[in-house]
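**Q** One structure, pasted below without further comment.
The values are calculated or read from the model by the stated rules, or taken from the named source; none is laboratory data. Not measured: the values here are computed from a predicted model. Methodologically, a virtual Cβ is constructed for each residue, glycine included, from the backbone with ideal geometry; neighbour enumeration extends over all protein chains shown.
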């Protein structure tokens, strides 16, 4: 009997943390390469090269299951992915509260590995929504309760998903809806406008070179990363809000020196002007990139966010 219970437990764990590829074969816009995926030498949770985008599923146990799911997109300035504290740690917290946490390891807009680089992260995020909805029955998910969360540059990706869903960047033969049911944005890059954007994220996504190539050519201390003006407009997502933009939970620290809080304020203003539901959570202190737990605060955003998600049932 004990052996049977042990086997059931192992089975449940393997299901809860299943890792699946987003695509069969070479992903769209990916270039053939002999390189391997890599992480930062001193931080194995920091992915610097992603060749095979994946989903890692943290499915709640049957007794806690709510049917709600959240795709989690880590940040990293579009130059890397903070997979642990902005990905797996959050997904586990969601799972504990009856919400399927699904971590997206998306490709980075690095011209060494992809072409048409500006659409590649969006392709992977749209494919994640498509795949989760099409597998919803198998994974015990309600396809009408699917949200997507992003931190920092992952927040830019998620705000792009929420404002550009009417244009599919992937093959969609079943015409599956690519509009998420809600957005969660953590200290997000929203705007590509000078003065409030995060220059590295903007340049990595829409600059003509990679940021490292630009720095090698023009100097690592350069403060000006030129990008086409039409791309600034296209990916300044506060300008792309409509009445169909999904309801949004947004969190930011006022003292953030990496991604100015104005990114969140402009997005909130645009959402309100279009009659879109928005819930905000601001810290006086905290800076940037703290993930699920702000060490400067006693009250944590994740608790308010979980309540907001579960109230949507």
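**Q** How about segment 81-129: which of its residues are part of a loop (DSSP other than H, G, I, E, B) and farther than 16 Å from residue 54 by Cβ? Give the steps one after another, and end with the answer.
**A** Here is the first cut: in segment 81-129, the ones part of a loop (DSSP other than H, G, I, E, B) are 83, 97-99, 106-113, 115-116.
Hits for segment 81-129 are 97, 98, 99, 109, 110, 111, 112, 115, 116.
**Q** May I ask you to verify whether residue 101 is more than 22 Å from residue 201 (Cβ to Cβ) and either in contact with a strand residue (DSSP E or B) (Cβ under 9 Å, 6 or more places away or on another chain) or in contact (Cβ under 8 Å) with a residue 60 or more places away in the chain (or both)? If you could, list the steps in order and put the result at the bottom.
**A** Details: more than 22 Å from residue 201 (Cβ to Cβ): yes; either in contact with a strand residue (DSSP E or B) (Cβ under 9 Å, 6 or more places away or on another chain) or in contact (Cβ under 8 Å) with a residue 60 or more places away in the chain (or both): yes.
Answer is yes for this residue.
**Q** Can you find a residue that is modelled with pLDDT of 90 or more, surrounded by fewer than 17 Cβ atoms within 10 Å (Cβ to Cβ) and either at positive phi or touching a helix residue (DSSP H, G or I) at 6+ places or on another chain (Cβ under 8 Å) (or both) anywhere in segment 47-61?
**A** yes
**Q** Also: Provide a single number: the residues in segment 133-151 that are in contact with a strand residue (DSSP E or B) (Cβ under 6 Å, 6 or more places away or on another chain) and part of a loop (DSSP other than H, G, I, E, B). Let's see the steps before the verdict.
**A** Just the residues of segment 133-151 that are in contact with a strand residue (DSSP E or B) (Cβ under 6 Å, 6 or more places away or on another chain), to begin with: 141, 146-151.
Okay, now just the ones that are also part of a loop (DSSP other than H, G, I, E, B), so 141.
Total satisfying the criteria: 1.
**Q** Something else: Where in segment 194-313 are there helices (runs of 4 or more DSSP H), lying fully within it, with 2 or more residues that are in contact with a helix residue (DSSP H, G or I) (Cβ under 7 Å, 6 or more places away or on another chain) and either at pLDDT 95 or above or buried (at least 16 other Cβ atoms within 10 Å of the Cβ) (or both)?
**A** On the way: elements: 199-206, 211-218, 229-234, 262-273, 301-311.
Helices (runs of 4 or more DSSP H) meeting the threshold: 199-206, 211-218, 262-273.
**Q** Being in contact (Cβ under 8 Å) with a residue 40 or more places away in the chain and in contact with a helix residue (DSSP H, G or I) (Cβ under 9 Å, 6 or more places away or on another chain): is that true of residue 180 here? Walk me through how you get there before you give the answer.
**A** Working: in contact (Cβ under 8 Å) with a residue 40 or more places away in the chain: yes; in contact with a helix residue (DSSP H, G or I) (Cβ under 9 Å, 6 or more places away or on another chain): yes.
In short, yes.
**Q** Would you check if residue 112 is modelled with pLDDT under 95 and over 22 Å from residue 251 (Cα atoms)? Walk me through it before giving the result.
**A** Working: modelled with pLDDT under 95: yes; over 22 Å from residue 251 (Cα atoms): yes.
So residue 112 passes the test.
**Q** Quick check on segment 21-46: of everything there that is in contact with a helix residue (DSSP H, G or I) (Cβ under 9 Å, 6 or more places away or on another chain) and over 25 Å from residue 132 (Cα atoms), which residue is surrounded by the fewest Cβ atoms within 10 Å (Cβ to Cβ)? Break it down into steps so the answer makes sense when it comes.
**A** Step one: of segment 21-46, the residues in contact with a helix residue (DSSP H, G or I) (Cβ under 9 Å, 6 or more places away or on another chain) are 22-23, 27-30, 43-46.
Filter once more, keeping what is over 25 Å from residue 132 (Cα atoms): 43-44.
Values: 43: 13, 44: 10.
Across segment 21-46, the extreme among qualifying residues is 44.
**Q** Which one of these does residue 167 not meet: (1) free of Cβ contacts under 8 Å to residues at least 60 places away in the same chain; (2) touching a helix residue (DSSP H, G or I) at 6+ places or on another chain (Cβ under 8 Å)?
**A** (2)
**Q** Could you pull out the residue among 162, 154 that is over 22 Å from residue 230 (Cβ atoms), crowded, with 23+ Cβ neighbours inside 10 Å and either modelled with pLDDT of 95 or more or over 14 Å from the mean Cα position of the chain (by Cα) (or both)? Outline the logic, then answer.
**A** Working: 162 fails: over 22 Å from residue 230 (Cβ atoms).
The match here is 154.
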